[in-house]
Amino acid sequence: MDFLTLFAIYVVVMLTCIILVCKYSGQQQSTLIYIFDTTSKVIVPLTPKWLTRCSQRASHRLFHQRNNFFIYLHILLEGAVYAEFTYEVFGYCLEMGTSLITLCVPYILLTVKTVLFYRCIKIDPGTVIKKKHARQLHMYPYDKRLFFPGISCPTCHLIKPARSKHCRVCNRCVQRFDHHCIWVNNCIGAYNIRYFLLYLLSVCAMAANVAILTANMLLDIVLQTGLLWAMYIDDYGQQQQAGPQFIIQHLFMTFPRIVFMLGFVVFVFLLLAGYTLFHLFLALINQTSNEWYRNRGYACQHCQPISSADHFSCTSSHGSKSNYYSRGLLRNLREVFFPRQPVGKKSS
C-alpha cells in the first residue's frame, strides 16, 4: 500500500540519520565525513562556488566546532512531541479514564530530563588545566598500553594524565574522556558522565511513557470503533476482513500527526535504549567509550588494585581481556557517580 511504503521510507531515513549522527558525532575522521568529502568532490564542479563555500562552512561548524545547533534541534523535536501529546493525546486519555497522575508522569520526566540536560551542558567535564595539572596527573595510574607517562599534548603543551584525551572540537584535554556529544555541545568526562547517564535514562523513560500512553489511546480508538471486526471491499470486489494494514492505514489517515509522533518516539526509544545499555555496561566495568573503541576491551589481567586505597600494579606484559581500571562493580559505579578529585601537590 502506498502510504505504508512512504511511512517505511520515512522511518528508515529518520533512523539512519539519527544513527549516523549519534555514531559519528565529534569525530574528526569517520565514514560519515569520508562520505561527505567524497560526495562534495563530485558535486562541487556542478554547483556555484558560493553554495560550495557555504556548505563547507556549515559542515565544519556543525561537526568540527562547538555550536548550539543540536541543542536547539533537540529542544525543537522535544517541543513538537510534547505539543502534539498535549494537544491531542492528553485530553482523549482523560476522557477514556486515564488518571491525571498517570498523565502528569511525562511532564515530571520532562522536568527531570531538562535539569540533567542542563547539567550535562554546563558542568565542566574535567578540563586539564595548568593550575591543577600536577594533581590531575595522579588521579589515575598509567596502564602502559593505552596511556603512557610523559606524553605531552601538542596543543595544550601539558603532560597528558592517564585516561585523558584531547578533544579537537572543544580544543582541550579532558580527564577520563568518554566522547564529545554534539547534542549537549560538551565533552562527556569525569565530572558529567553521571549526569549524562541519568539524562539518557530519563529520555528513554520519557519516550517509553509517551509511546505507551499514545498507543493505549490508539488501541482504545480501534476497540471503540470496532475496526478489529470491520470488513472492506478490495480491488477485486471481494469482501475482506480488516487486518493490521487496514487498521494502520485508517489510523494514519485519521490521526497522521499522532501516528508520526508515535513512530518517532518508538524509534528514539529503541535507539537510545541500546546506547544507554552500552554506557551502563561501560560504567559497570569502569571503561570509557574512548577506551572501549581503542582496545575493544583488551587490557592486562595482572593489572589489579593492590589495596583499597585505589592503587594499581602491573606484573606482566599487557595483552589479556581484563580491564585495567576495574575495581569491582560497586567501586566502579561509585567512581562514576562520585568521581575522583585531583590528588597530590598543587602546581607551583
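Here is the figure for region 119-167: residues that are under 26 Å from the mean Cα position of the chain (by Cα) and more than 17 Å from residue 291 (Cα to Cα) total 8.
Going by the conditions given, is residue 201 at pLDDT 95 or above and hydrophobic (A, V, I, L, M, F, W, C)? Here the answer is yes, as residue 201 does meet what is asked. When region 175-189 is filtered for residues that are among the aliphatic types (A, V, I, L, M) and in contact with an Asp or Glu (Cβ under 9 Å, 6 or more places away or on another chain), only 188 remains. In the set (1) crowded, with 16+ Cβ neighbours inside 10 Å; (2) touching an Asp or Glu at 6+ places or on another chain (Cβ under 9 Å); (3) at pLDDT 50 or above, residue 257 fails one condition alone, (1). Within region 231-245, is there a residue that is more than 21 Å from the chain's Cα centre (by Cα) and either under 30 Å from residue 293 (Cβ atoms) or surrounded by 17 or more Cβ atoms within 10 Å (Cβ to Cβ) (or both)? Looking through region 231-245, at least one residue is more than 21 Å from the chain's Cα centre (by Cα) and either under 30 Å from residue 293 (Cβ atoms) or surrounded by 17 or more Cβ atoms within 10 Å (Cβ to Cβ) (or both). Which of the residues that make up region 281-298 are touching a helix residue (DSSP H, G or I) at 6+ places or on another chain (Cβ under 7 Å) and either of a type outside the set (Ser, Thr, Tyr) or surrounded by 17 or more Cβ atoms within 10 Å (Cβ to Cβ) (or both)? The answer is 282, 283, 284, 285, 286, 288, 292. Of all the listed residues (137, 116), the sole one being touching a Gly at 6+ places or on another chain (Cβ under 8 Å), hydrophobic (A, V, I, L, M, F, W, C) and surrounded by 20 or more Cβ atoms within 10 Å (Cβ to Cβ) is 137.
Would region 309-325 turn up any residue that is within 30 Å of residue 183 (Cα to Cα), at pLDDT 90 or above and hydroxyl-bearing (Ser, Thr, Tyr)? For region 309-325, residues within 30 Å of residue 183 (Cα to Cα), at pLDDT 90 or above and hydroxyl-bearing (Ser, Thr, Tyr): present.
The values are calculated or read from the model by the stated rules, or taken from the named source; none is laboratory data. Everything numeric here is computed off the predicted structure, so don't read it as measured data. Virtual Cβ from ideal backbone geometry, glycine too; neighbours counted across all protein chains shown.
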